[in-house]
Each structure stands twice: as structure tokens, then as C-alpha cells.
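One structure below.
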Amino acid sequence: MSRFWKPGTEKPRLVDDEEGGVLFYTASSSSSSGYGHASMEKQRQRLPVFKYRTAILYLVETHATTIIVGETGSGKTTQIPQYLKEAGWAEGGRVIACTQPRRLAVQTAASRVAEEMGVKLSEEVGYTIRFEDITNSELTRIKFLTDGVLLREMMDDPLLSKYSVIMVDEAHERSLSTDILLGLLKKIQRRRPELRLIISSATIEAKSMASFFDTSRRRLGRDGEENGPRKNPAILSVEGRGFNVQIFYVEEPVSDYIRAAVSTVNAIHDEEPMGDILVFLTGQDDIDAAIQLLTEDPHSRKQGLIVLPLYSGLPRGDQDLVFSPTPRGKRKVVISTNIAETSLTLEGVVYVVDSGFSKQRFYNPITDIENLVVAPISKASARQRAGRAGRVRPGKCYRLYTEEYFINEMSADGISEMQRSNLVPCVIQLKALGIDNILGFDWPASPSPEALIRALEVLYSLGILDDDAKLTSPAGFQVAEIPLDPLVSKMILASNDYGCSEEAITIAAVLSIQSIWFSDRGAQKELDEAKLRFAAAEGDHVTFLNVYKGFIQSGKSSNWCHKNHINYHSMRKVDEIRQQLRRIAQRIGIALKSCEGDMQVVRKAVTAGFFANACRLESFSHNGLYKTVRGSQEVYIHPSSVLFRVNPKWVIFHSIVSTDRQYMRNVIAIDPSWLTDVAPQFYQHQQLNPRPH
């Protein structure tokens with residue numbers, strides 16, 4: 001059994017760093033362990049976090065909240081839950097939770113911990129992400145899950161009573177769910193003083209997080225001793241095992257960061273010693289384009305390059321390729337979104353190419369449009385990216401921006417998602433948990449009042465909140481039960497009245513997936529032709545129904561998918577999600593019924609959920625310019641839509657993506673009279689009639 005601190009024995013040595021108030025542990029080197037799998041155990045002991053093991057357990061024992069600042073690759077995600085279990089925090093049927101903002105990080109961390117412990121994933125170690133529960137309520141003692149899933153668990157168990165310790169990992173990403181979770185965990189601790197929290201992060205401002213969790217108006221016992229764990233959070237800094245990384249900047253700003261990234265990879269491959277390359281781009285489209293350029297480029301020597309994509313919607317098999325060791329004599333090039341910035345550790349990377357951009361969500365409450373925008377990263381992100389190069393030996397980071405830009409123009413930290421997102425999903429979650437005073441909720445970073453008011457307004461017009469801003473019964477509570485965006489949930493609810501719930505559930509399942517189409521590099525023409533085989537004049541949502549119908553009729557065949565440029569793994573996932581949504585729908589009283597091909601009722605159900613996203617084609621517009629009914633924003637149909645260049649007079653979109661223009665994705669044609677039918681309090685007739693000239 002490994003050594004750990006036991007209350008009542010001599011405390012471990014902790015040194016207070018005067019400057020930052022950060023506690024450093026001066027480790028004794030005699031830690032030994034009689035744990036099985038000798039080589040695995042040796043690997044565990046080589047991780048930087050291992051020498052802090054005793055200190056971490058001591059701080060968790062004595063403080064209600066412990067903040068651990070540790071570089072990516074220090075081992076904190078996989079090791080700390082195991083240390084806690086070894087120290088007895090999972091005894092008596094209790095569970096240790098570790099949350100991550102990203103699904104892929106949940107899966108990889110759980111798999112690794114199960115492997116290290118020599119147990120089957122889904123038994124003692126398990127994970128839960130939306131629509132996938134790989135746990136066993138009797139056996140699971142260490143559970144990895146996304147922040148969003150833990151929030152949903154609160155709906156059944158508001159005090160999260162089965163958990164003894166909750167570790168919120170990657171807290172610096174400040175996702176919407178992470179911020180709500182931190183606010184709620186602070187509330188829960190008041191009711192459950194014995195609950196321990198560990199907030200772990202790569203770059204977090206430890207001081208501001210510590211002051212947020214500091215509730216130390218001390219409850220003193222008779223002898224003046226504080227009862228229970230201390231309320232003031234402890235801060236522990238865990239160093240990574242970084243080597244020196246040389247930073248290179250471009251001399252002049254680049255006009256096309258994808259081409260610049262590809263030529264940098266070629267230059268590294270031609271001139272630098274062996275070692276894997278990690279390239280940071282913004283999203284799947286960029287990554288596919290870069291891979292195409294790299295694999296097709298005739299001028300460069302491509303022997304020995306293994307080019308692999310990495311993004312969250314990637315099928316499991318492709319993910320595993322990224323993490324597998326590089327064959328001797330080969331060089332791996334991983335082209336990734338910012339998921340590889342902190343959430344995942346890739347061994348073997350010596351060179352990093354940083355485009356300086358990432359995809360970020362930005363919401364404008366005035367226009368009521370949420371955009372997915374390619375935006376410059378912060379200095380904190382740039383440092384994280386560079387750090388990926390120094391894991392195995394001294395590395396090099398090539399930044400595709402100038403040093404002057406980095407020093408003078410790049411912002412120090414990113415903006416938390418809470419301050420740049422549409423808050424509709426977040427407001428309904430808090431309402432469902434019985435928190436009515438949303439404006440007075442204790443947030444780590446306050447959202448804008450305009451965004452909160454707009455969210456309340458949209459939920460009111462959807463019939464989810466009543467005049468007192470409380471959840472309506474039954475509609476509000478039903479929507480809160482469905483683990484989807486409230487607009488999609490409202491569409492499912494409305495489909496019950498229109499008699500097309502089977503179709504609405506299929507559409508909802510497809511909208512939960514990044515893309516059902518499989519774009520082979522350089523096969524855009526074939527993909528467009530494949531889409532035409534399924535295309536419906538009504539729009540993308542009805543096209544999805546045609547694809548799903550074909551998939552089922554083919555006997556869920558992978559060959560059929562391949563022939564039609566459809567992603568087989570995505571369709572399997574759509575089918576799984578669909579089955580789960582059907583079970584949820586039945587549980588909340590929705591009758592499962594098909595409209596047998598009557599697409600008008602399907603379009604009405606979509607309108608009932610997404611009426612706020614209505615747009616009208618501008619009269620005399622030759623280039624497909626639409627204006628949103630709400631806010632008169634200029635938008636265009638995205639080229640990937642089946643309605644691209646068809647340009648119906650009135651449409652509703654599912655989301656907006658911004659490049660040179662604002663493009664509507666997943667678009668359906670509607671009759672404008674439906675808007676006043678489904679949302680009379682949102683639209684009035686005179687808005688819809690063209691003004692007389």
C-alpha cells in the first residue's frame with residue numbers, strides 16, 4: 001500500500017512561498033509502493049505530481065477546497081483520483097468524481113486510469129458523457145464526467161450526496177458549465193461541509209478562485225479549534241516536467257494561416273531532427289484542408305509523415321491513432337483544435353506550430369445572434385501551446401504571428417464563456433435546480449445583465465417560464481428533463497401536438513452530432529452529388545430524415561454509408577441518441593408517433609422551437625441576402641446547406657457561423673404565418689407584412 005498522510009501523525013512539510021502565497025511541498029524521496037503492475041507503477045511514480053502525493057492528501061483532509069495549479073502533463077488528472085481512492089475517500093460506497101469540460105478528455109482519462117489500476121473500464125472506474133454512461137452504480141468508485149453531466153445529476157440529487165470528493169479539472173477553460181458548476185458547488189458546500197472540492201487547472205488565477213471559495217467565517221469549537229475542514233482554500237503548485245522550448249515568430253503577418261502552417265510543417269520535416277509535430281488550427285474544416293494540402297503537396301518529401309486529425313467529433317478509432325506510439329523512422333503530425341492545448345497530453349511532440357487562432361462562441365444579446373467565430377487566442381493559450389513542445393526533450397514552437405503582435409496586442413487571458421454566450425441553456429438549468437434569483441446567483445464571473453434578460457425573454461416566449469419567471473408546468477419541467485438545447489427540446493415537445501414526435505426526435509439526434517457527412521479530401525463534388533440524392537426542397541432538417549430513413553432501410557450498413565459519403569460512426573451515434581431520446585420522451589409523457597411523410601407538420605414543430613431564428617430574403621436580392629426578423633442582421637445560407645442558392649423567401653436556421661459573412665447552418669423553409677401562430681407574444685402581424693412603399 002502506498003504511503004499517504006494519516007491525520008494524527010506528523011504533518012508533511014509545507015513551505016509557504018512569500019510572493020504568490022503558493023504552497024510548495026518539499027518531497028521526501030523515500031516514497032515507495034507495493035502496488036501491482038510494476039512497470040505501470042514505476043511510470044506513475046515518474047510523474048511530477050507523485051512527489052506531491054502526501055501534500056495533496058493532507059490538504060484535502062484539512063481544507064474544504066484545495067486549488068491545484070499544475071501544468072498539463074504533470075499527471076494531476078489521472079493520479080489525484082487514484083491517490084484519493086488509495087487514501088480511503090471511496091470507502092463505504094462513496095464515489096470520487098473528476099469533471100472535464102470536454103468529452104474526449106473524459107474518455108481518455110477514464111481509460112488510462114482503468115488501465116493503470118488494472119480494472120475493466122465501467123466497473124471500478126467509469127465515465128459518463130451526454131448520451132453515454134459507462135459506469136456501474138454498485139461498483140464504480142472513480143467516475144470521470146463532463147461538467148454538464150454533473151449539473152444534470154443535481155436535478156435528481158441536488159446535494160450530490162454520493163460524492164465524497166469532486167475534482168473540477170481544467171477549470172481555467174472557464175466553460176459555461178464549469179462556471180455554473182463552481183457556483184453551485186460553493187452552495188452545496190454550505191449544506192455539506194464534509195464535501196471536499198479540488199479545483200485543478202493549468203493556468204488558473206489561483207488567488208481569484210481561492211477568494212471565490214473562501215467562506216471562512218470560522219465555526220469554532222469550545223477549545224477554539226475550527227470544526228471540520230478549514231473553510232479557507234489551500235493552494236498547491238505542482239510543476240510539470242517541461243524542457244526548454246525555443247520560440248520562433250514570423251517576421252511579417254501571414255495572410256493564410258492554413259497554408260503557412262503546412263509550409264512550416266514541411267520545413268520542419270525537411271530540416272529538423274526526428275520528433276512529432278503538433279499543429280494548432282481552429283476546427284474540423286481547417287484541419288481537413290491542412291491534411292489535404294499536406295498529403296497532396298507534390299513539391300515536398302512526404303516519406304515518413306503520418307498526418308492525423310484531432311478534434312472532439314472524431315470517431316474513437318481515429319482518436320486512438322493519435323495516442324498510439326509513432327513507429328520507428330516515422331514522424332507523426334497531429335493537426336488539432338485547441339483540445340490539445342491543455343485537455344490532452346500527446347507524448348512524443350517536439351515541435352508545435354501555433355496558428356494563433358481558435359474557434360470561440362460569441363453572443364450578441366442585442367441582435368440575439370450567437371456566432372462561432374475564428375478569433376485570436378490569448379497569451380495564456382499561446383504559452384500552453386508552446387509548452388506542448390517541451391514534454392520529452394527540448395522543443396521548438398513556431399508562432400504564425402509576429403513577436404510585436406504577441407507583446408503589444410494579444411490579450412493576457414481569454415474571456416470566460418459565461419461572458420460571451422447565449423445563456424438560455426444555463427438559465428433553464430438553474431431554474432430546474434430551484435434557483436430563481438438568477439441575477440443574484442454567486443457566479444465566478446458575472447454574465448452580462450443584457451444576456452440574462454434576453455435568455456429570460458426567449459424562455460418566456462417558448463412557454464418554458466411563466467409571468468413570475470418560474471418554470472411552467474408541465475412544459476418547463478419537461479424541457480428541463482431533456483438533455484438538449486432548450487430550443488431543440490421545445491421542438492420535440494411541440495411535435496407531440498403536431499403528431500410527428502418520431503421525426504422531431506430523429507432531427508434532434510442529428511443536430512446533436514457535429515456532422516453526418518463524410519468529406520473525403522478532394523471529393524467535394526462527389527459529396528455534393530450524394531447530398532442531392534437525399535436533398536429535400538423543405539431544407540436540411542427534412543434531408544436529415546431522408547438520410548436516416550435510408551440508413552435504417554440499408555440495415556445500418558457501413559457500405560451504404562461509404563457509398564453515399566455519410567459518416568457511419570456518426571449515424572450509429574445518431575441511432576443511439578435517438579433511442580435514448582425516445583425513452584426520455586416516453587418518460588415525460590410524449591406519445592411516440594410518426595406523421596407518415598407529412599412534412600408540413602414537421603416544419604411547424606421546428607418553427608415552434610426555433611421561431612426566434614426566423615429570416616426573410618431581402619426583396620430584389622441577387623446574392624441570397626437574408627435579414628433576421630429580430631434585429632435585421634444580414635445573413636446568408638451556408639454553402640453546406642441543401643437550400644444554398646435555392647433561397648426560399650422565409651427560413652429558420654439552427655445556428656450561425658461567421659467567416660467573411662454570417663452564414664446560417666441547418667436551414668428549413670417556413671410559412672411566415674406560422675410565426676404568429678406559435679409565438680404570438682414574440683411576433684406581431686405588422687412585423688411580417690412588407691411595409692408599403
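Does Leu314 qualify as being buried (at least 17 other Cβ atoms within 10 Å of the Cβ) and within 19 Å of the chain's Cα centre (by Cα)?
For Leu314, the condition - buried (at least 17 other Cβ atoms within 10 Å of the Cβ) and within 19 Å of the chain's Cα centre (by Cα) - is met.
Exactly one of (1) in a helix (DSSP H, G or I); (2) surrounded by fewer than 16 Cβ atoms within 10 Å (Cβ to Cβ); (3) not charged (D, E, K, R) is unmet by Ala386. Its number?
(2)
Starting from the stretch 152-181, keep only residues that are assigned by TED's automatic domain parsing to the domain that holds Ile96 and closer than 19 Å to Asp133 by Cβ, then list their pairs with residues that are basic (Lys, Arg) and buried (at least 17 other Cβ atoms within 10 Å of the Cβ) whose Cβ atoms are within a distance under 8 Å, requiring at least 6 positions of separation or different chains.
Ile166/Arg196
Out of (1) hydrophobic (A, V, I, L, M, F, W, C); (2) under 30 Å from Met664 (Cα atoms); (3) in contact with a Lys or Arg (Cβ under 9 Å, 6 or more places away or on another chain); (4) in contact (Cβ under 8 Å) with a residue 60 or more places away in the chain, the odd one out for Ile464 is which?
Among (1) hydrophobic (A, V, I, L, M, F, W, C); (2) under 30 Å from Met664 (Cα atoms); (3) in contact with a Lys or Arg (Cβ under 9 Å, 6 or more places away or on another chain); (4) in contact (Cβ under 8 Å) with a residue 60 or more places away in the chain, Ile464 violates only (4).
When only residues in the stretch 624-641 that are under 15 Å from Glu370 (Cβ atoms) and surrounded by fewer than 21 Cβ atoms within 10 Å (Cβ to Cβ) count, which is modelled with the highest pLDDT?
Among residues in the stretch 624-641 that are under 15 Å from Glu370 (Cβ atoms) and surrounded by fewer than 21 Cβ atoms within 10 Å (Cβ to Cβ), the one modelled with the highest pLDDT is Gln633.
Restrict the check to the stretch 219-227 and report whether at least one residue is surrounded by 17 or more Cβ atoms within 10 Å (Cβ to Cβ) and either modelled with pLDDT under 90 or in a helix (DSSP H, G or I) (or both).
Looking for residues that are surrounded by 17 or more Cβ atoms within 10 Å (Cβ to Cβ) and either modelled with pLDDT under 90 or in a helix (DSSP H, G or I) (or both), one finds none in the stretch 219-227, hence no.
Go over the candidates Leu145, Leu150 one by one and state the one that is assigned to a strand (DSSP E or B), modelled with pLDDT of 95 or more, under 14 Å from the mean Cα position of the chain (by Cα) and not charged (D, E, K, R).
Being assigned to a strand (DSSP E or B), modelled with pLDDT of 95 or more, under 14 Å from the mean Cα position of the chain (by Cα) and not charged (D, E, K, R) holds for just one of Leu145, Leu150, which is Leu145.
Residue pairs, Cβ under 8 Å, 6 or more apart or interchain, first in the stretch 325-344 and within 25 Å of Phe144 (Cα to Cα), second of a type in the set (Asp, Glu) and at pLDDT below 90. List them.
From the stretch 325-344, the pairs are Pro325/Glu347; Thr342/Glu170; Thr342/Glu173; Ser343/Glu170; Ser343/Glu173.
Among (1) in contact with a helix residue (DSSP H, G or I) (Cβ under 7 Å, 6 or more places away or on another chain); (2) in a loop (DSSP other than H, G, I, E, B); (3) of a type outside the set (Asp, Glu), which single condition is Ile277 missing?
(2)
Among the residues of the stretch 477-487, count how many are surrounded by fewer than 22 Cβ atoms within 10 Å (Cβ to Cβ) and in a helix (DSSP H, G or I).
Matching residues across the stretch 477-487 total 3.
Quick check: anything in the stretch 601-608 farther than 24 Å from Ile366 by Cα, assigned by TED's automatic domain parsing to the domain that holds Asn496 and of a type in the set (S, T, N, Q)?
No, because not a single residue in the stretch 601-608 is farther than 24 Å from Ile366 by Cα, assigned by TED's automatic domain parsing to the domain that holds Asn496 and of a type in the set (S, T, N, Q).
Please find, among Val374, Val349, Val392, Val427, the residue that is surrounded by 23 or more Cβ atoms within 10 Å (Cβ to Cβ) and either closer than 30 Å to Phe477 by Cβ or among the aliphatic types (A, V, I, L, M) (or both).
Val427
Would you mind stating whether Arg645 is at positive phi and among the basic types (Lys, Arg)?
Taking the combined requirement at face value, the residue satisfies it.
The values are calculated or read from the model by the stated rules, or taken from the named source; none is laboratory data. These figures come from a predicted structure and were not determined experimentally. All Cβ positions, even for glycine, are placed from backbone atoms using ideal geometry, and neighbour counts span all protein chains on display.
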